[in-house]
Amino acid sequence: MGRAIRQAPGRAPRTTRSLAHARFLLALTLAVVGLVLIVMLAVTIGPANVSLAQVSGSILGHLGLGATGTDSGAVPLLIDSIVWELRLPRVLTAAIVGAGLAVSGAVMQSVTRNPLADPYLLGLSSGASLGAVCVVILGVGFALPAAAFLGALAALFATLSIARVGGTITPARAVLAGLAIAQLAGAGTSFIIFWSAKGDSYREILNWLLGSVAGATWNSVIISGTALALVGTGVVLAATRLDAFAFGDTAAASLGINVNATRWALLGSVALLTGAMVAVSGAIGFVGLILPHLVRGLSGPSHRRLLPLVAVCGALFLVVADTLARTIFDPRELPVGIITAFIGVPVFIVLIKRKKSSAWS
Amino acid sequence: MVVAVPGSTAGVVIENLSFSIDEQVILAGVSASVAAGTVTGLLGPNGAGKSTLLRLVGGLATPASGSVTLGGDEIGAMPRREAARRIALLEQNTAPSVDLSVEDVVLLGRIPHRTRLLGTFGGDDDRAVAAESLAAVGAGELVDRMWHTLSGGQQQRVQIARALAQRPSLLLLDEPTNHLDVSAQLSLLSQVGGLGTTAIMALHDLNLAAAFCDHILLLQDGKLVAAGTPAEVLVPEIIGEVYGVECDIIEHPRDGHPVIVFSAPRTAVAPMRAAASA
């Protein structure tokens, strides 16, 4: 039979594949190095002049690797406390939140096979904000991250229930349902803040609805970092199962994946991750939408490569966006969500134009 | 000869299988057996229950009653991963825009054979299996192409290669020739026959079934109404009964298998009838 003969024996896919792997490793290395540099650089930027050497001196001192306090060669105490108590927690929180939202978006896009899936567009972030505000303003007896998680989970459940018609969820219906839930949760958040009005309500509303890491402390770093470490490890371990969703539920099931259990476990993890991110930063939009699309070109579709790279790039992106947010109108600050929306909405438009048939069917 | 794809093949026994959704009976008491290494065509009008039967045989749905065994093991009792190592099911092509390379698509078929956490992805062994599977469907030269740039026939071939990469002993195909041109239909089905793996495929085209299947199962309203070789099942009385169309059977001039020649429906204008019922 002819088919055995038709094989071209001389082709060399191995080369192109190892090239792709080398390109991925290069991209990941550059992104990690870039992230470390950008984090340090971002810490130097602000009203008080701080040098890169002082930043690294202060960090090394606190890590027990350099001179501290009044030792000779130590960073001046005022500078040290600006770096360690004010700026570093904020920059690190931005990095962790950026990573967490980007990972959340990547997982949601794969599990729902919806290129427009994103914790913000599907209402999870607004739901988490509402949950967080209930705790912060009303003093309900819940831990803040737990309340944000419950809010994100409730919003996810509501969005998917509304979007589900006749057993199927189309990407377009999911986005529309997410919009409705986000509006409702946003209205609830604003209502609660106004109702309990004391002091600067507008700023507080803006921070929860548009997102900001201005108030970040080491506590924020610990909350968001723990969630990112736990959920991030979990989804990377599930990377192969995420790959199996590429051709839809039946294909995944015929590859031995328990589709429903896997989907709900992953979406639940994403709600947890989003909840923890929103608890420390409010609802920052579009990071989860745009980063996975930008990074897939570098990493390829395999989630074992996509997820680590999208996390590092998400961190980079949000650190830069937050630095812009606090410097453009210095000394006033923009909520960082305004910056991410200015960048994210054009990308969103490109996506719905480019993927018009698949995204809206 | 055929590029052999290793992996044992096994026969299927379907016993008294029933399935319903919301009180509506989709399949009622279907019993049949499929010999190892044969190609079986699953025929029947729209809504006869073909896709449901494939899903039940593939272990993707749980029957209301009855059982399916593969090589003596009950499919419903197998863990999903175990079933995925032995059965590959291809639904109708629904994902033309997936952004993967052909090799990545075929490598998906290795997922059931990997360790549950962080299985080696795209390791050398998996890639060798992927290359073999592509070669088995004559698509070896497509390995570096992007999925969405392929023609419908090429996509369907690559999907079958993905299924073969699972090293299944049973291949289930739902309308594999849908949307393919005639040349792609013929080469695809002859390749399925050449694999040596037990295959059950739902088909709409009775003539393709007659040409490429060893055995036919004919479904109507969820019941098995006929089973046997194409020559036994594809006769004017049965086809008329099930599909409500008139036809004649002639012998294929070269290969000798039955060829069904359809006539216009009974409800058509009168002059047609004389010719049809000759």
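The values are calculated or read from the model by the stated rules, or taken from the named source; none is laboratory data. Keep in mind that this is a model prediction, so the values were computed, not measured. As a convention, Cβ positions derive from the backbone with ideal geometry for all residues, glycine included, and neighbour counts pool all protein chains shown. Remember, those area values only see protein heavy atoms, side chains included, never the ligands or the DNA or RNA. Shrake-Rupley method; radii C 1.70, N 1.55, O 1.52, S 1.80 Å.
Global dimensions of segment B:194-261 from alpha-carbon coordinates: Rg and Dmax equal 12.0, 35 Å.
From the largest down, segment A:285-361 spans 44, 28, 14 angstrom on the principal axes of its Cα atoms. Share of carbon and sulfur in the accessible area of chain B stands at 52%, probe radius 1.4 Å.
When a 1.4 Å probe is rolled over the protein heavy atoms, the share of accessible surface on segment A:87-171 that falls to carbon and sulfur comes to 72 percent. Here the simple spin-label model places points 7 Å from the Cα toward Cβ, and for A:Ser196 and A:Ala229 these points are separated by 3.0 nm. For A:Leu316, the solvent-accessible surface with a 1.4 Å probe is about 40 Å², rounded to the nearest 10. Quick check: the angle from helix A:124-138's long axis to the longest principal axis of chain A, C-alpha only, nearest 10 degrees? Here the helix axis deviates by roughly 30 degrees. Normalised by the number of residues in chain A, the average gap of Cα pairs under 8 Å and 6 or more apart makes the relative contact order 26 percent. In whole percents, the pair-distance distribution calculated for segment A:236-330 from its alpha-carbon pairs, binned every 5 Å from zero, is 2, 11, 16, 22, 19, 14, 7, 4, 2, 1, 1, 0. Once the Cβ-Cβ distance of A:Ala146 and A:Thr217 is raised to the sixth power relative to R0 = 25 Å, the FRET efficiency obtained is 0.85. Taken along the Cα-to-beta-carbon direction at a fixed 7 Å, the label points for B:Glu241 and B:Asp214 span 2.6 nm.
In plain terms, the bigger the Kirkwood radius, the slower the diffusion; for the protein assembly as shown, with that radius from Cα pairs, at 25 °C and 0.890 mPa s, Stokes-Einstein puts D at 89 µm²/s. Interface residues of segment A:234-251, defined as those with an accessible-area decrease of at least 50 Å² between the chain by itself and the complete set of protein chains (probe 1.4 Å), are A:Leu237, A:Thr240, A:Phe247, A:Thr250. Applying a DSSP loop filter and a limit of 11 other Cβ atoms within 10 Å to the trypsin sites (Lys or Arg not before Pro) in segment A:273-361 leaves A:Arg332. Could you run the Debye sum over the Cα atoms of segment A:98-238, one equal point scatterer each and no solvent, and tell me log10 of I(q)/I(0) at q = 0.12, 0.13, 0.17 Å⁻¹, two decimals? Per q value, in the given order, log10 I(q)/I(0) is -0.51, -0.60, -0.99. Interface B-A: total buried accessible area of about 3500 Å², 1.4 Å probe, protein heavy atoms only. For segment B:140-252, the Cα-based Rg and Dmax, in that order, read 15.8, 50 Å. Where the alpha-carbon atoms of segment A:88-360 are placed on the principal axes, they occupy 57, 36, 35 Å, in descending order. Over segment B:12-229, the alpha carbon radius of gyration divided by the compact-protein estimate 2.2 N^0.38 Å works out to 1.00.
For chain B, which longest stretch is free of loop sites, where a loop site is one of the trypsin sites (Lys or Arg not before Pro) that DSSP puts outside H, G, I, E and B and that has at most 11 other Cβ atoms within 10 Å? The longest uninterrupted stretch comes out as B:117-253.
Find the accessible area per residue for the protein assembly as shown; the probe is 1.4 Å, ligands and nucleic acids are left out, and the unit is Å². Counting only protein heavy atoms, the per-residue value for the protein assembly as shown is 43 Å². Sorting A:Phe194, A:Phe24 on solvent-accessible area from highest to lowest, probe radius 1.4 Å, gives A:Phe194, A:Phe24. Take the Cβ atoms of A:Val32 and B:Arg81, set R0 to 25 Å, and the FRET efficiency comes out at 0.15. The mean sequence separation of alpha-carbon pairs under 8 Å and at least six residues apart, normalised by the residue count of segment B:12-229, gives a relative contact order of 31 percent.
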